[in-house]
Amino acid sequence: GAVTVKAPMPGNILDVKVQAGASVKAGDVLVVLEAMKMEIEVSAPVDGTVKSVSATVGTAVNTDDLLVVLG
């Protein structure tokens, strides 16, 4: 089944480290989020393959917005 990775808090997308089709290990950084003047690294919760990336650099996200889907 698919595993969704969501934004842990509101912020702006600073960097997207993965593309669809990439293999990731648990703990790999997927997206870097700027929140409250801090850079928050959003990591893969499980090993898998990136199915889709919804995060776009420069956009604002809210808590629980979809960032990446792993399969």
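One chain, two ends: LEU66 and GLU34. Fully extended at 0.36 nm per residue, the span grows by 9.9 nm beyond their Cα-Cα distance.
List the lysines whose Cα lies under 18 Å from the Cα of LYS6, skipping any in the same chain that are fewer than 8 positions away. Of all the lysines, those that pass the test against LYS6 - Cα under 18 Å, at least 8 places apart if same chain - are LYS17, LYS25, LYS51. Assign one of three labels to the range 17-61, namely rounded, prolate or oblate, based on the Cα gyration tensor with a ≥ b ≥ c the square roots of its eigenvalues; rounded applies when a/c is under 1.5, prolate when it is not and a/b is larger than b/c, and oblate otherwise. Note, shape of the range 17-61 comes out oblate. Distance between the 7 Å Cα→Cβ label points at THR4 and ALA22: 2.1 nm.
Report relative contact order for the chain in percent, whole number only (criteria: Cα-Cα under 8 Å, sequence separation at least 6). Don't skip to the end; give the middle numbers.
On the way: 182 pairs, mean separation 31.6, N = 71.
Here the relative contact order equals 45 percent.
How much length is gained on full extension from SER52 to ASN12, taking 0.36 nm per residue of separation minus their Cα-Cα distance? Before the final figure, lay out each step's value.
Values: separation 40, 0.36 × 40 = 14.40 nm, distance 1.89 nm.
Taking SER52 through ASN12 to full extension adds about 12.5 nm, to one decimal.
Each value in this text was obtained by applying a stated rule to the coordinates, not by laboratory testing. In this text, all values refer to a predicted model and were calculated from it rather than measured experimentally. Every residue, glycine among them, receives a Cβ derived from its backbone with ideal geometry; neighbour counts consider all protein chains shown.
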